[in-house]
Every structure is written in C-alpha cells, then in structure tokens.
Amino acid sequence: MAKTGEFHGVNHPKTALDLDGVIFDYEKTFRKKAAELGLNISIKRPEIYNMAERYEITAEQVSLINARIDFSDMEVFDEVINLKHHIKDIKCFITASPKEALHLRKLNVSTVFGKDIPVYHADTKEKHRIISELGIRYFIDDYNLAIHHIELNCPECNAYWLNRGYGDFSLPEPENKINSLTEFFKNIKKIS
C-alpha cells in the first residue's frame with residue numbers, strides 16, 4: 001500500500017481508474033437489463049470475470065443484454081458517491097469498454113462528477129501503454145489481468161487490484177491489492 005498521507009483535500013493528478021467494476025456497477029446494471037428481457041440469470045461462478053462464464057449464459061445473451069444497457073446512465077457504487085470529491089481530481093479513466101460506447105461513458109462520467117474527466121480506451125492487456133504515455137503513478141482496476149500487464153510493462157506505476165472476488169486466479173497475486181476505493185484514497189501519499 002502507498003504511504004499514508006492526508007485524506008482530505010488531496011489532489012490526484014497522477015491517478016487513473018478503470019470504469020466498470022471500479023466506478024460503475026456494471027454487474028448490477030447487467031442483471032437489471034437481463035430481468036427486463038425476461039432472462040432469469042444468477043451468478044453461477046462468482047470467481048470468474050467473463051460474464052458468459054460467470055452466469056453460464058451464451059455470448060449471444062451477453063451481447064443482447066449489453067445492447068440494452070444505456071452506457072450514459074449506469075449506476076455507480078455507493079462508495080463512489082462518498083469519494084466523489086477525491087475522484088473528480090484524478091487525471092483520467094482508462095476503460096476496456098467498447099470504443100463505440102466511449103462517448104456515452106464520457107457523458108456518464110461528466111454527469112456523475114460534474115466535470116469532464118478524460119476517458120481513454122485500451123484493451124485489458126494494453127492499458128499500460130496509456131499509463132506510460134500519461135505518466136500515471138497510480139492506477140486501479142478490478143481485473144487482475146490488467147494489473148498483471150501493468151506490473152510487467154510499466155513498473156513505475158503503482159497498479160492496484162480492486163478485489164471484487166473475481167479474476168484470473170492462474171496469475172500471481174498482484175503486489176498491491178485493495179478491497180475498496182476508500183482504502184486506497186485513505187492511504188495514498190499526497191501527490192504534489
């Protein structure tokens with residue numbers, strides 16, 4: 001964990017976050033849309049990241065559900081509301097969401113945080129490229145595969161796995177693991 005620093009009034013210009021699973025409760029939205037479609041789904045394999053495998057449904061069903069999601073109006077985790085004054089000062093978001101939904105993700109971010117925070121697209125295994133280009137010092141993602149690639153390719157970044165209980169458990173456990181965003185923001189060293 002990063003060294004303890006001031007919690008109130010901290011500026012985070014070298015911090016970036018993932019969106020789904022960190023800011024937006026994609027899974028809650030996914031289940032709501034499945035119910036609207038009359039699909040009776042439930043988590044069968046909670047440790048699996050892939051939605052088709054997690055719910056034991058087809059890739060076509062995942063696509064059908066995703067097509068119903070309004071990516072400009074996704075629900076946020078309760079914790080995000082409490083940390084809004086910290087999160088709005090980060091440098092950017094880096095998401096593996098489909099490129100065609102990026103403008104909607106930006107709109108959702110702007111609505112939630114009351115300001116335009118840049119949103120970049122990168123596949124899970126490529127997020128380290130944007131992190132390097134932007135000089136990101138801290139990055140949080142809920143998928144340990146992304147953290148694994150950042151640790152390998154961008155050692156100057158302190159990448160944190162936000163453990164939501166799922167991931168690729170064939171990988172070594174990330175060096176930095178947190179169980180909440182609050183844990184991160186309470187312990188981050190003040191960046192000047």
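Observations on the model:
- The sole residue among L162, L171 that is in contact (Cβ under 8 Å) with a residue 12 or more places away in the chain and surrounded by 15 or more Cβ atoms within 10 Å (Cβ to Cβ) is L162.
- Close pairs from the stretch 56-67: first at pLDDT 95 or above, partner among the aromatic types (F, W, Y), Cβ under 7 Å, at least 6 apart: I65/F30
- Selection status of F139, surrounded by 15 or more Cβ atoms within 10 Å (Cβ to Cβ), of a type in the set (F, W, Y) and farther than 27 Å from I43 by Cβ: no
- Close contacts from the stretch 77-90, counting a first residue that is assigned to a helix (DSSP H, G or I) and a second that is surrounded by 14 or more Cβ atoms within 10 Å (Cβ to Cβ) and among the acidic types (D, E), with Cβ to Cβ under 6 Å and a gap of 6+ residues or different chains, come to none at all.
- Taken over the stretch 30-66, the residue count meeting the criterion of being closer than 23 Å to S170 by Cβ and outside any loop (DSSP other than H, G, I, E, B) is 7.
- Residue match in the stretch 121-131 (condition: in contact with a helix residue (DSSP H, G or I) (Cβ under 8 Å, 6 or more places away or on another chain), exposed (fewer than 15 other Cβ atoms within 10 Å of the Cβ) and outside the structural domain of I43 (by TED's automatic domain parsing)): no
- Residue list for the stretch 174-192, restricted to those being of a type in the set (D, E) and surrounded by fewer than 15 Cβ atoms within 10 Å (Cβ to Cβ): E175
- Qualifying residue in the stretch 67-74 (condition: assigned to a loop (DSSP other than H, G, I, E, B), closer than 17 Å to I140 by Cβ and within 19 Å of the chain's Cα centre (by Cα)): no
The values are calculated or read from the model by the stated rules, or taken from the named source; none is laboratory data. Note that the structure is predicted; figures quoted are calculated from it, not measured. Methodologically, a virtual Cβ is constructed for each residue, glycine included, from the backbone with ideal geometry; neighbour enumeration extends over all protein chains shown.
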